[in-house]
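In what follows, a single structure is set out as structure tokens and then discussed.
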Amino acid sequence: MSGTTEIELTGLTGSSPIGALAAFGLLRLCAEIEALALAKLAWRRRDDWFAVLTVPEDINKETLVALLGEHLGKQSTDVFAWSGDVRIAREQYQETLQKSVDDASVGDRRFCDYLAAFASEMAVDNAKGLVKPTAFYMTSGQQKFLTSALELVETYRKDQTEKLNEALFGPWLYRDKQHALGWDPAAERMYALRHKKPGDETPTSVSAAIRLALEALPLFPVFPDKNGRLSTSGFVRIKRENVFQWPLWQVPISLDVLKTLLTSELSDDTNLCQRGVNALYKSIRSEFGQGYGIFRPAQLVWQKH
């Protein structure tokens, strides 16, 4: 990339799962936009870690927001509209997978990539015969994951510029009447901490951050382990808890490098240093009620000295 500039995304903090996911989704989105196709992502630390996007020198904050808004406004919602929920019968999922493969092209694998991240036909709930969903699936009851995602995508289209500016540059005001899908610890409410049940209150979120985070899902494909349990890239089992871990780094990297990094084993100091990681965070995926899930506030696992 000849002639570049950095845009500091002070709204996307790396010490929060939703901030990290939104930044990952942003880089993936940039790869779909010709003017941003060579963008690279890094993290910078001041009071907290925040994302930094390296882009061509003729791109500024306003141009970035305009390009993202235009692309998202034209983007197909098919990946969220093919069913009300991810948890469907194995046969139905296989049919959907096959159709996505038949319709895919070298330049458009979007549906295939999302389906590879949503669930696997190789891992099925024996009680109901439904495919097991990704660990990012945190909805339950009447709140269906795909329905919620589609609603968010549709409502986000209103006031895009203002919402993108809030998500990318802050401060996050939590004014949007939209569920955070369990991905934002600051937006989620626990029964024990409220006078009302969560269902009695209107959820709020930073909808553009959730919208960008949805773009990150294909970076975390699922796969069945040798015991038939569905595993999600980026998650590890620690003392019987499902834990999401994500790296932060200071040298700008491309989308292809990010894909490799997010599916790599990040286990010890040597491994992390060799991969150029400067910090590693984790967030416990906690379940309550009738299967609802949330990310707990993040914890620093490791930091390079």
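Read-outs throughout are calculated quantities, based only on the coordinates presented, and are distinct from any laboratory measurement. Keep in mind it's a predicted model, so treat the numbers as computed, not measured. Every residue, glycine among them, receives a Cβ derived from its backbone with ideal geometry; neighbour counts consider all protein chains shown.
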Taking every other residue with Cβ under 10 Å from the Cβ of ALA279 and scoring Lys and Arg +1, Asp and Glu -1, one gets +2
Along the stretch 28-36, what does the Karplus equation 6.51 cos²θ - 1.76 cosθ + 1.60 (θ = phi - 60°) give for ³J(HN,Hα), rounded to whole Hz, x for Gly and Pro? 5, 5, 4, 5, 8, 10, 3, 5, 10
Where labels lie 7 Å past Cα in the beta-carbon direction, separation of HIS71 and ASP47 in nm: 3.1
Across the stretch 273-283, in residue order, what do the Karplus-derived ³J(HN,Hα) couplings come to in whole Hz, using 6.51 cos²θ - 1.76 cosθ + 1.60 with θ = phi - 60° and x for Gly and Pro? 5, 4, 8, x, 7, 9, 7, 10, 10, 9, 9
Projected onto the charge dipole of the chain (+1 at Lys/Arg Cβ, -1 at Asp/Glu Cβ, origin at the Cα centre), which of MET122, PRO171, GLY3 gives the Cα projection farthest towards the positive end? MET122
Filter the GluC sites (Glu not before Pro) in the stretch 197-305 down to the DSSP loop ones having no more than 15 other Cβ atoms within 10 Å, then list what survives. GLU201, GLU265
Karplus-derived 3J(HN,Hα), 6.51/-1.76/1.60, for each residue of the stretch 90-107, Hz, glycine and proline x: 3, 4, 5, 5, 4, 5, 5, 4, 4, 5, 5, 5, 4, 8, 6, 9, 4, x
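Which pairs, out of LYS40/LYS74; LYS74/LYS158; LYS40/LYS304; LYS74/LYS99; LYS144/LYS239; LYS61/LYS163, put more than 19 Å between their alpha-carbon atoms?
Values: LYS40/LYS74 23 Å; LYS74/LYS158 13 Å; LYS40/LYS304 21 Å; LYS74/LYS99 22 Å; LYS144/LYS239 29 Å; LYS61/LYS163 14 Å.
Exceeds cut-off: LYS40/LYS74; LYS40/LYS304; LYS74/LYS99; LYS144/LYS239.
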Place a point 7 Å from the Cα of ALA31 along the Cα-to-Cβ direction; which residues of the stretch 40-65 have their backbone N under 18 Å from it? 40-43, 52-56
For the stretch 81-224, build the charge dipole from Cβ charges (+1 Lys, Arg; -1 Asp, Glu) around the Cα centre, then report which of THR155, THR96, GLY182 sits farthest towards its positive end. GLY182
Between ALA104 and GLN142, the two model label points (7 Å from Cα along the beta-carbon direction) sit apart by a distance in nm of 3.7
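Within 10 Å of each residue's Cβ, count the other Cβ atoms and sort ARG44, ARG229, ARG211, ARG28 from fewest upward.
On the way: ARG44 16, ARG229 10, ARG211 26, ARG28 20.
With the fewest neighbours first, ARG44, ARG229, ARG211, ARG28 line up as ARG229, ARG44, ARG28, ARG211.
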Each label point is 7 Å from the Cα along the Cα-to-Cβ direction; what then is the distance between the points at LYS158 and GLN250, in nm? 4.4
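Using unit Cβ charges (K, R positive; D, E negative) and no other charged atoms, how large, in debye to the nearest 20, is the dipole of the stretch 78-130 about its Cα centre? Walk me through the intermediate numbers first.
Details: 6 positive and 10 negative charges, 31 e Å.
The dipole of the stretch 78-130 has a size of about 140 debye.
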Taking LYS304, LYS177 and counting other C-beta atoms within 10 Å, the order from fewest to most: LYS177, LYS304
Which whole-angstrom value gives the distance between the alpha carbon centres of the stretch 150-189 and the stretch 233-305? 23
For GLN178, the residues 5 or more places away or on another chain with a placed amide H closer than 5 Å to its own amide H are THR204, SER205
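If you average over every viewing direction, what projected area does the convex hull of the Cα atoms of the stretch 78-130 give, in nm²?
Details: hull surface 14.3 nm².
In nm², the orientation-averaged hull projection of the stretch 78-130 is 3.6.
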At a 10 Å Cβ-Cβ cut-off, how would you order MET122, MET138, fewest neighbours first? MET122, MET138
